[in-house]
1. Taking the Cα-to-Cβ direction at Phe106 and at Val123 and moving 7 Å from each Cα, how far apart do the two end points lie in nm?
2. Sort 71-77, 40-46 for me by packing, meaning the mean count of neighbouring Cβ atoms within 10 Å per residue, highest on top.
3. How long is the gain from Ala97 to Gln140 if the chain were fully straight, where each residue apart is worth 0.36 nm and the alpha carbon distance is subtracted?
4. Taking θ = phi - 60°, what integer Hz values does the Karplus form 6.51 cos²θ - 1.76 cosθ + 1.60 yield along segment 137-142, in sequence order, with x for Gly and Pro?
Amino acid sequence: MARGVFLVVAYLSLLAFPSRSENPNPINATAYDKLQDGGFPIGLLPAGVVAYSLNRTSGDFSVDLGGECRVTLPPDNYLASYSKRVTGNLVAGRISALDGIQVRAFFRWWSITGIRSSGEDIVFEVGPASAKYPSRNFDQSLDCEGHNPRTASS
């Protein structure tokens, strides 16, 4: 009898706590969690991530937004453009080989090639130049301007 009760409890616990490979949670929450695990605020990605992949060994990642996305970044109101897929390499405190994010400054578009977490600041790398902003400016993900990427065609 005790063994039967144990098996029922074990079975119910498997239903209540599924394994990570069968994660019922939305992928967008996990993508933002991975950013935070790397030491970054979630606002580096716009709202509406539809899929992501991360190689835990190498740190290589891709994030799918479901469509191109533009947001106005705080605090200087720079316009940023995200491709429908953003790729790079994420290791603790550093995102390198970044592709798919551009920012408009000084009348032209610049590709953001890397991002570093530096204490309470975030440092954006644009080729040989960089710009530092308080990480608290990116505590929340911004909605894409003009459309919802979740409903954009792939």
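Values in this text are rule-based calculations from the coordinates and carry no lab data. If you're wondering where the values come from, they're calculated on a predicted model, not measured in any experiment. No Cβ is skipped: glycine too gets one built from the backbone with ideal geometry, and neighbour counts run over all protein chains shown.
1. The two pseudo-label positions are separated by 1.9 nm.
2. Values: 71-77: 13.1, 40-46: 21.4.
With the highest mean Cβ count within 10 Å placed first, the list reads 40-46, 71-77.
3. On the way: separation 43, 0.36 × 43 = 15.48 nm, distance 2.36 nm.
Additional length available on full extension: 13.1 nm.
4. Those phi angles translate into 5, 10, 6, 10, 6, 8 Hz.
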